[in-house]
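Everything on this sheet refers to the single structure shown next.
The values are calculated or read from the model by the stated rules, or taken from the named source; none is laboratory data. Please read all numbers here as calculations on a predicted model, not as lab measurements. For neighbour counting, all protein chains shown are included, and Cβ atoms are generated from backbone atoms with ideal geometry for every residue, glycine included. Keep in mind that these areas ignore ligands, DNA and RNA; they rest on the heavy atoms of the full protein, side chains included. Shrake-Rupley method; radii C 1.70, N 1.55, O 1.52, S 1.80 Å.
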Amino acid sequence: SSVISISRHRRNHIVITNKTLSRHHAYLWKMGCGDSLQFQLIEGEIGGGPSNNGTFLNNQRVDTQSLLTDGDILTFGVHIKARYLCHYYFDVNYI
C-alpha cells in the first residue's frame with residue numbers, strides 16, 4: 001500500500017494506544033520508488049478534518065501535509081514522538 005495510517009484505532013497500520021491521538025490522526029504517503037522514494041506526512045483524515053491534538057514536524061504544527069527528510073522529528077498528539085530515518089544503501093562494488 002502507498003498509504004500508511006497512524007492513529008489509536010485498531011484498524012490502522014500503526015496503532016498508538018494513547019488518548020491524545022484521534023481515530024484517524026495522520027498518514028504517511030509513499031511517493032516514488034528506489035532511490036527517489038520519499039514519504040509525505042498528511043495531518044488528519046484524508047479528505048476530512050484535522051486531528052484533535054495535532055501533528056507536528058520538528059516542533060512546527062502540520063496544517064495539511066509536509067515532505068519528510070532524514071532525521072525529522074514527528075510528534076503525534078501531545079506526547080508521542082518518532083524520528084524519521086531514511087537510509088540509503090549502496091553496493092561497494094560500484095565505488
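At a glance:
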item: Subset of the range 64-95 that is of a type in the set (D, E, K, R) and modelled with pLDDT of 90 or more - its residue that is farthest from residue 37 (Cα to Cα); result: 81
item: Scope the range 10-37; condition touching a residue at least 40 places away in the same chain (Cβ under 8 Å) and either among the β-branched types (Val, Ile, Thr) or touching a Pro at 6+ places or on another chain (Cβ under 6 Å) (or both); matching residues; result: 16, 20
item: Matching residues in the range 21-63 - criterion: being in a loop (DSSP other than H, G, I, E, B) and either open to solvent by less than 30 Å² (accessible area, probe 1.4 Å) or on the phi > 0 side of the Ramachandran plot (or both); result: 21, 22, 25, 32, 44, 47, 51, 54, 58, 59, 62
item: Subset tally (residues that are outside any strand (DSSP E or B) and modelled with pLDDT of 90 or more) for the range 1-16; result: 7
